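Read through the structure below, which is laid out as structure tokens, and then see the notes.
Every read-out reported here was derived from the displayed coordinates using simple, explicitly stated rules and does not represent laboratory data. Here the structure is a predicted model, which means the values were calculated and not measured. Please note: Cβ atoms are built from the backbone with ideal geometry, for glycine as well, and neighbour counts cover all protein chains shown.
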Amino acid sequence: MTGMRRRGATDAEKKVGLARALSKMGICSRSDAAEKIRTGRVKVNGAVRRDIETPVRVGRDKIEVDGHGVAAKEFVYWVVNKPRGIVTTAEDEKGRETVYGLLPKGVPWMGPVGRLDKASEGLLILTNDTEWAARITAPESHVKKKYAVQIGAVADETLLGKLEAGVMDGGESLRATSVKRIRAGEKNSWIEIVLEEGKSRQIRRMLEGCGVEVLRLIRVGIGGVELGRLAKGAAREMTRAEIQMLDRSKHGRR
């Protein structure tokens, strides 16, 4: 959904660092902006600036990248059903397929809101609204993320209790907000895990710490936004209601 929000009229009066300005404008990520600035590809009011903290006023100062003037983009928000084996980076040095190949041609630059590792699949949000993304992914936001996980064991109450109580790994205590068994076979089962912390490879590390193999890991929800029937490898724009729902979720409201 394009054109969801625009910056307020007072933005032109505020000075922000150049790298942050390019990110706020939806041009590129802050790390990409920093690389462009340091390599002399960015001008402010006609002069090359190599300091990423150069103060600028978005909407008032003339900013150019690679000789072309840039202006603030409309914010866009998309969801993708990421298949297993695809990476979330924009460019991969190993030539692997990335989630950006799943997006329609012509969409503005967007960055992932959180990540899914190569072996994981499911719901991934992308947007060029970097400040919104930062709020959603901040540890203090407590946005809940829901996963369906197939494990190579029959989940019993002991395992579910361990995951909720916390598992130590590398000096970190990793715990799930809630865990429940979805269904079980003779040798494996599906469980639903809800997280608020979002530490690196958290679910895999917790289950490895319990001696349990992860067979599949699918993210099915983020703060009330559900994967639903979105086909594997498909992408769609988020609705206004979904965007607002995530803003409410970050404050712990439903």
_Flag if ALA231 is loosely packed, with under 14 Cβ neighbours inside 10 Å and of a type in the set (A, V, I, L, M, F, W, C)_ = yes
*Are there any pairs, at least 6 apart or on different chains, whose C-beta atoms fall under 6 Å, with the first in segment 213-240 and part of a strand (DSSP E or B) and the second of a type in the set (Phe, Trp, Tyr), and if so, which?*
ARG219/TYR147; ALA235/TRP78; GLU237/TRP78
*Restricting attention to strands (runs of 3 or more DSSP E) lying wholly within segment 123-181, give those where 1 or more residues are of a type in the set (D, E, K, R) and under 19 Å from the mean Cα position of the chain (by Cα).*
145-151
